[in-house]
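Participant: Below is the structure I would like to discuss, written out as structure tokens.
Any read-out appearing in this document is the output of simple, stated calculations on the displayed coordinates, not a laboratory observation. Only a predicted model underlies this, so the values are computations on that prediction, with no experimental measurement involved. Positions of Cβ are generated from backbone atoms using ideal geometry, with glycine treated the same way; all protein chains shown enter the neighbour counts.
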Amino acid sequence: MELKVVKQDEKTLILECKGETVTLTNVLREELWEDKSVREAAQIKEHPYLSEPKVFVKVYRGSPTSALKKASDRIILKTEEFREKFKKELKK
């Protein structure tokens with residue numbers, strides 16, 4: 001995966017996720033909405049064969065980069081929790 005900043009200022013960020021599908025940007029968008037400092041979060045879906053998926057973040061306070069990092073960390077924690085629960089269920 002390659003990340004490319006398409007647009008960035010103090011309160012907004014558009015990040016292109018090369019080599020990924022909208023599945024990743026959808027998860028990021030959902031998790032960003034859990035952050036009280038996030039004003040807007042969206043995935044940008046253009047033509048599936050001609051463009052890469054993008055995630056848009058706009059914040060009330062703080063930086064959009066920080067909000068995206070925190071959302072990514074929470075996704076990792078949730079994934080690890082799911083993996084552990086899944087392993088336990090498989091042993092039953």
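Participant: Based on the mean of other beta carbon atoms within 10 Å per residue, what is the order of 39-46, 16-23, most packed first?
Facilitator: Peptide ranking by packing, descending: 39-46, 16-23.
Participant: So how tilted is helix 64-91 from the main axis of the chain? Cα-based, degrees 0 to 90, rounded to 10.
Facilitator: Rounded to the nearest ten degrees, it is 20.
Participant: May I ask you to list the trypsin sites (Lys or Arg not before Pro) in segment 53-90 that are in a DSSP loop and have at most 13 other Cβ atoms within 10 Å of their Cβ? Let's see the in-between values first.
Facilitator: Values: sites: LYS54, LYS58, ARG61, LYS69, LYS70, ARG74, LYS78, ARG83, LYS85, LYS87, LYS88; in loops: ARG61.
Sparse-neighbourhood loop trypsin sites (Lys or Arg not before Pro): ARG61.
Participant: Say the cut-off is 32 Å between C-alpha atoms; which of LYS7/LYS78; LYS69/LYS91; LYS45/LYS88; LYS7/LYS88; LYS11/LYS85; LYS45/LYS78 go over it?
Facilitator: Values: LYS7/LYS78 29 Å; LYS69/LYS91 34 Å; LYS45/LYS88 37 Å; LYS7/LYS88 43 Å; LYS11/LYS85 37 Å; LYS45/LYS78 25 Å.
Pairs exceeding 32 Å: LYS69/LYS91; LYS45/LYS88; LYS7/LYS88; LYS11/LYS85.
Participant: If each DSSP helix of 4+ residues adds -39,500 (n - 2.57) and the sum is divided by the residues in the chain, what number results at 222 nm, nearest 500 deg cm²/dmol?
Facilitator: On the way: 2 runs with 39 residues, N = 92.
Only helices count here, giving -14500 deg cm²/dmol.
Participant: For a paramagnetic label modelled at 7 Å from the Cα of GLU46 toward its Cβ, which residues of segment 1-30 fall within the zone defined by backbone nitrogen distances under 14 Å?
Facilitator: Label zone hits: 4-7, 14-19.
Participant: Okay, moving on. Which whole-number percent is the relative contact order of segment 1-72 (Cα, under 8 Å, 6+ apart)? Can you show the working numbers first?
Facilitator: Values: 146 pairs, mean separation 24.8, N = 72.
35 percent.
Participant: If a/c stays under 1.5 just call it rounded; otherwise compare a/b with b/c (prolate if a/b is bigger, oblate if not). Do that for the chain, with a ≥ b ≥ c from the square roots of the Cα gyration tensor eigenvalues.
Facilitator: Values: a/c = 2.73, a/b = 1.45, b/c = 1.89.
Oblate.
Participant: How big is the charge dipole of the chain about its Cα centre, in debye rounded to the nearest 20, if each Lys and Arg gets +1 on its Cβ and each Asp and Glu gets -1 on its Cβ?
Facilitator: On the way: 21 positive and 17 negative charges, 71 e Å.
Using only the charged Cβ atoms, the result is roughly 340 debye.
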